Amino acid sequence: MPTSDTIDRPASAVRRPAPDAIAALTATEGLAALAQGSLTCEAWARACLDRIEERNADVKAWVRVDADGALARAREWDRHGRRRLLDGVPLGIKDTIDTADMPTELGDPEIFPGRQPDADAPVVTQAHALGFNVLGKNTVSRHAIMLPGPARNPHDLSRTPAASSAGSAAAVADFMTPLSIGTQTAGSILRPSAFCGAVGFKPTLDAIPYVGIRRYSRVLDVIGPIARSVDDAALFMRAFTGDPRYDATLPLRTDFRAGVWRPKDWADAEPCMRESFEANLRALSTAGVTVKELAMPAAFDTMGEAQDVIMAYDLAREYAAIKRDHAALCDPGLIDYLTMGEGVSAADYAGALDAADACRRAFYDAAREVDAVVMPSTLGEAPPASSTGSSAFIRIWSLLHNPSITLPVARGPHGLPLGFQMVGFVKEDARLLYWARCAERILGSTANRV
């Protein structure tokens, strides 16, 4: 399997500077250091802010940074003591999520310059209540959809960090924060995480209330964490859901069952991705995991088209006022997509929803003998920044509402991350994260590798 130590980097991939040891801490590691007294909240916040100062001009992962506020909160915790488990954990927030103390421009600074919400989105209110130290707002792709935006891949500034949680994944992967809140409608948590080399987790629909956030599609939109370890994703989900089954202390096992699905787009995957995936399957099998090939119903290969119908129909209605009032400020790609969505009939939309319902039921029969379905996260390495890449292996799970996660397990021939995707059963999110912890132990992680 290719690694960053064995590949020859092209001239465009200038090796990024190594992070400060504190900035490289995961949330779980940082909390342990705080508990031991070997780390202060101020030192943690300052290390992240220094990394942002060092790198953000190039990576463009943040549109707003509240350095003074973050340091003031950290000093308060250090002075008066931490009372909550997560007091002092640095956090980024995607700039489609409303914040009352910072502007939220929704990925459209030309259309919504300086837009200032009156109230925090509930997930932000909860983040503050839990003790997270919000560092600022993460950059969003253009119009917060599948169009290239300002952010860049931290491993190679000529490559894409994908869309739309691009800045969130880039910030976490480049050691600017251990965690960021992202959202996904098609592939906007998993694809940026896979391209940038982070752990991205998409929960079951409505696991965390999607309110006070730029809406794309009621039947697709979800909130989820981007992190550098599965433990941190579980920590995040336990905090925001209160579900004790997200337990990162459970002993790990190697006797689980992984079901392999190779959808129709498998043939389009780059050789490095296919080779990496096969190597990962061998590693799992050698460790004792039962690896079983799955035969999904043929209808699963049409779910990408069904997802496009639903997303286009909903987006055309959610963005109708923008097209009407700000067409001159809209990217031609957005106008084309909205026009396509306007042409989708209610009958076609209903048919796509019905097809998704049928596939949700069929999933249980097809995967009943495995603990998780596994497949690549993307077709290959991050493409040039002029594209946001394909979500061919990801978007079906947004439509079917299955929880899914990408693990950064390898590097391709250009030194760029390659992700390994695991998919669970609807509303069995904690169980999927447990199996992902087990797989991460076997496969390793490149998340903390420069």
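The values are calculated or read from the model by the stated rules, or taken from the named source; none is laboratory data. Since this is a predicted model, take the numbers as computed values, not measurements. FYI the Cβ positions are ideal-geometry reconstructions off the backbone, even for glycines, and counts take in every protein chain you see. The accessibility values were calculated without ligands, DNA or RNA, using every heavy atom of the protein model including side chains. Shrake-Rupley method; radii C 1.70, N 1.55, O 1.52, S 1.80 Å.
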Item to check | Condition met for G167 (under 18 Å from the mean Cα position of the chain (by Cα) and assigned to a helix (DSSP H, G or I)) | outcome: yes
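Answer yes if at least one residue in segment 113-124 is modelled with pLDDT of 95 or more, open to solvent by less than 20 Å² (accessible area, probe 1.4 Å) and closer than 18 Å to P178 by Cβ, and no otherwise. Outline the logic, then answer.
Let us first name the residues in segment 113-124 that are modelled with pLDDT of 95 or more, namely 113-124.
Narrowing the set further to residues that are open to solvent by less than 20 Å² (accessible area, probe 1.4 Å) leaves 117, 121, 123-124.
From the residues that got through so far, the ones that are closer than 18 Å to P178 by Cβ too are 123-124.
Yes, segment 113-124 has at least one match.
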Checklist entry - Which of (1) touching a residue at least 40 places away in the same chain (Cβ under 8 Å); (2) open to solvent by 20 Å² or more (accessible area, probe 1.4 Å); (3) assigned to a loop (DSSP other than H, G, I, E, B) is the odd one out, the single condition V140 does not satisfy? => result (2)
Item to check | Selection from segment 282-330 of residues that are within 24 Å of the chain's Cα centre (by Cα) and of a type in the set (D, E) | outcome: D301, E305, D308, D314, E318
Checklist entry - Which of the residues spanning segment 30-62 are open to solvent by 40 Å² or more (accessible area, probe 1.4 Å) and either modelled with pLDDT under 95 or touching a Pro at 6+ places or on another chain (Cβ under 8 Å) (or both)? => result E54, K60
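Kindly indicate whether D232 is of a type in the set (D, E, K, R) and without any contact (Cβ under 8 Å) to a residue 60 or more places away in the chain.
Numbers: of a type in the set (D, E, K, R): yes; without any contact (Cβ under 8 Å) to a residue 60 or more places away in the chain: no.
Against the criterion (of a type in the set (D, E, K, R) and without any contact (Cβ under 8 Å) to a residue 60 or more places away in the chain), D232 does not qualify.
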Next on the checklist: For the list (1) open to solvent by less than 30 Å² (accessible area, probe 1.4 Å); (2) without any contact (Cβ under 8 Å) to a residue 40 or more places away in the chain; (3) in a loop (DSSP other than H, G, I, E, B); (4) not basic (K, R), I need the number of the one condition that L106 fails.
Outcome noted: (2)
Checklist entry - Has segment 228-244 got at least one residue that is within 21 Å of the chain's Cα centre (by Cα), under 25 Å from L205 (Cα atoms), at pLDDT below 95 and among the aliphatic types (A, V, I, L, M)? => result no
Checklist entry - Taking segment 143-171 only, how many residues are among the acidic types (D, E) and open to solvent by 10 Å² or more (accessible area, probe 1.4 Å)? => result 0
Item to check | Residue within segment 395-409 that is among the β-branched types (V, I, T) and without any contact (Cβ under 8 Å) to a residue 40 or more places away in the chain present | outcome: no
Next on the checklist: If I filter segment 146-156 for residues that are in a loop (DSSP other than H, G, I, E, B), within 25 Å of L329 (Cα to Cα) and either touching a His at 6+ places or on another chain (Cβ under 7 Å) or modelled with pLDDT under 95 (or both), do I get at least one hit?
Outcome noted: yes
Checklist entry - Right, N448: surrounded by fewer than 20 Cβ atoms within 10 Å (Cβ to Cβ) and either under 21 Å from P225 (Cβ atoms) or touching a Lys or Arg at 6+ places or on another chain (Cβ under 8 Å) (or both) or not? => result yes
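Of the residues A121, A72, A61, which single one is farther than 17 Å from L31 by Cα and without any contact (Cβ under 8 Å) to a residue 24 or more places away in the chain? Give the steps one after another, and end with the answer.
Details: A121 fails: without any contact (Cβ under 8 Å) to a residue 24 or more places away in the chain; A61 fails: without any contact (Cβ under 8 Å) to a residue 24 or more places away in the chain.
On inspection, the qualifying residue turns out to be A72.
Could you tell me whether any residue of segment 266-287 is assigned to a loop (DSSP other than H, G, I, E, B), without any contact (Cβ under 8 Å) to a residue 40 or more places away in the chain and closer than 30 Å to T26 by Cα?
No, segment 266-287 has no match at all.
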